[in-house]
Amino acid sequence: MRVLENSFPVSEELWERAVRLIPAGTQTLSKGPDQFVRGVTPKYLRKGKGAHVWDVDGNSFIDYPMALGPILLGYDYAPVTEAVIRQVKEGTTFTLMHPLEVEVAELLTSMIPSAEMVRFGKNGADVTSAAVKVARASTGRDHIAYCGYHGCQDWYAVTTPRNKGIPKVLSTFMHQFEYNNIGSLEKIFAGNPGKIACVIMEVPGVDPAVDKDGKNFLQLSKELANRNGALFILDEIVTGFRYSIGGAQKYYRVTPDLACFGKGMANGFAISALVGKKEFMKELNEVFFSMTYSGDTIGLAAAKATMRELLSKPVIPHIWEMGGRLHKAINSFAEKTGIGFRITGKPPRGGISVKNRKGEEDLLLKSIFLQETVKRGVLFGGPVFISYSHTEEDIEKTIAASFEAIEYLKVAVDSGEPARFLEGEPVGVVFRQRN
Ligand SMILES: Cc1ncc(COP(=O)(O)O)c(C=O)c1O
C-alpha cells in the first residue's frame, strides 16, 4: 500500500495562531493535537463527505473518530444537509417556540422505550446535568453513584484530575462504582442509606454480565437503585442511535427512569435530549433548565431528518456489519502476529488498545499504529465509530492499512527500541476517566 507523503504547513500555521489566542488551543480536549501523533497527523480538518475528511492542506483520510461520534450517517449526508439548509432559510431560532420541538419529541417517544417525555439541550453535558438535577429534585437526596464519563459539568468534573476551579465539597456527593461489579454498587447503597439520588452510568463497549437468574448488570443496577429509592439514569450519549434505534436500553432490555441522548441524534448538528418517565420528567416544570438555544431549529431539523433516515434505511444493521468486519479482520491478524493490539468494544462503538509485553496499555505503541495508519490515509484516534457512509471499500482499505501498521508495529516491538520507530510525538494520556 502506498505510504502518503503528507505535509501540514497550513495546519501548523493555524496552530501557532491558535495557541496565542485559545487557552488549551482547542475547544474539545479529545480533538486536540496531543490526542494524535503530532508531526504526521493534521491538526485541522476543513471538509467531510461520507466517511472521508480533508484537512486544511488538502490531504484526505477515511475517518473513524467521526467527530467523536456525532457523524452517524456520514459527513454532508444529503437528506440532513438539505433539511438544515431549508430550515436556515426559514429561520434558525425565534421569539416563540417552533413546531419541530413537538415533532422531534414525538419521534423520540416513538423510538426510545424509556421516553415518555422529552427536553432538549445542545451538548451531552446539558442533559446529563439536567438528569441529575431531576433525580435530586425528585428524591430530595444529593448523592450520586456513577460509572463512566458524563461530561465537563461540575458534579462530574470534580471526580476527574481536571477538577481545578470546582468546590471540593462536591466530590463528597460522588460515589464511583465499577462496571459489571454489582457488589461495588451494593456497597455504595449500604454505606449511604437514604442518600443516593440516582445511579448514572453509560454502557462501555462491553456487554453487561449476566447473573445466574439471567439478569444482566444493567437490569440488576436498575433494580438495586429503585429498591433503594434512587433513579436509574442511562447515559446514552454514545450508545444512542447506534446499538439500536432505541439505544442500548432496547438492545439490553432495560428501561431506565431517565436517559440522556446527544452525539448521533442529529448527524453532527448540536442537539441533545433528556428523556424519561413522566413521573420524573415532570420535575422539569420547576427544575431550572432553560437556555437560549435549547429549542434552536437547526439541531431539531437535523434530528428529524436523521431519525427519518434511521427509521427508513438499514443504518443500524450497516454499522454493526461494517464494524464487525473491521474488528474481526484486524483482531485476528493482530492475534497471529502476537502483538498486544486489539480493536475493542462492540461494532458500533469501538476503541483501540495496544498493550506491551508486560500487558500494560502503551501509548508509544499505540502512537506507532496511529502513525502508520494515518500515513496510509486512515485517520484513527481514540474511539472507532462506523457511519452509514463507510463503504465496503473503505473498510477493506482500512483493514489493509491496519495490517501493514501492525506488521510495522511488530518490527518496532521486536527491535526492543520502539521509540526509534516513531516519527512524531506520541499521543498523550487520554483524559476521559473510565472504569
Ligand atoms: C457517555 C458520555 N456522556 C456524556 C458526554 C458529554 O457529552 P458532551 O461532550 O457533548 O457534553 C460524553 C462525551 O463524550 C459521553 O461520551
Name the chymotrypsin sites (Phe, Trp or Tyr not before Pro) in the stretch 1-109 that are in a loop by DSSP and that have at most 15 other C-beta atoms within 10 Å, would you?
F94
Translational diffusion coefficient, Stokes-Einstein: compute it for the stretch 321-386 using the Kirkwood radius over C-alpha pairs as Rh, at 37 °C and 0.692 mPa s, and state it as an integer in µm² s⁻¹.
270
So how many Å³ per residue does the convex hull of the Cα atoms of the stretch 346-435 work out to?
111
Going toward the positive end of the dipole of the chain, with +1 on Lys and Arg Cβ and -1 on Asp and Glu Cβ, which of F94, G340, A209 do you reach last?
A209
What the Cα atoms of the stretch 137-251 span along the principal axes, largest first and in whole Å, is 41, 30, 25
Just for the Cα atoms in the stretch 78-312, what are the lengths along the principal axes, largest first, rounded to whole Å?
56, 41, 33
Looking at the chain, identify the longest residue range that excludes and avoids all trypsin sites (Lys or Arg not before Pro) in DSSP loops having at most 15 other Cβ atoms within 10 Å.
3-161
Heavy-atom accessible area of L310, protein chains in place, probe 1.4 angstrom, given in Å² to nearest 10, is 10
As a percent rounded to 5, the proportion of antiparallel DSSP bridges among beta bridges in the stretch 78-312 is 40
What longest region of the chain stays clear of GluC sites (Glu not before Pro) that DSSP places outside H, G, I, E and B and that have at most 14 other Cβ atoms within 10 Å?
6-177
Which three extents, in angstrom, do the Cα atoms of the stretch 232-390 have along their principal axes, listed largest first?
58, 32, 32
Additional length obtainable on full extension of the chain from L68 to V88, 0.36 nm per residue less Cα span:
4.7 nm
Measuring from centroid to centroid over Cα atoms, what is the spacing of the stretch 322-358 and the stretch 107-136 in Å?
33
Suppose we keep just the DSSP beta bridges with both residues in the chain; what percent of those would be antiparallel, to 5?
60
Per the Cα gyration tensor, the chain corresponds to an equivalent ellipsoid with semi-axes, largest first in Å, of 35, 27, 21
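The values are calculated or read from the model by the stated rules, or taken from the named source; none is laboratory data. These figures come from a predicted structure and were not determined experimentally. Positions of Cβ are backbone-derived with ideal geometry, glycine not excepted, and every protein chain shown enters the neighbour counts. Accessible surface is based on the protein model in full, side chains and every heavy atom, while ligands, DNA and RNA are left aside. Shrake-Rupley method; radii C 1.70, N 1.55, O 1.52, S 1.80 Å.
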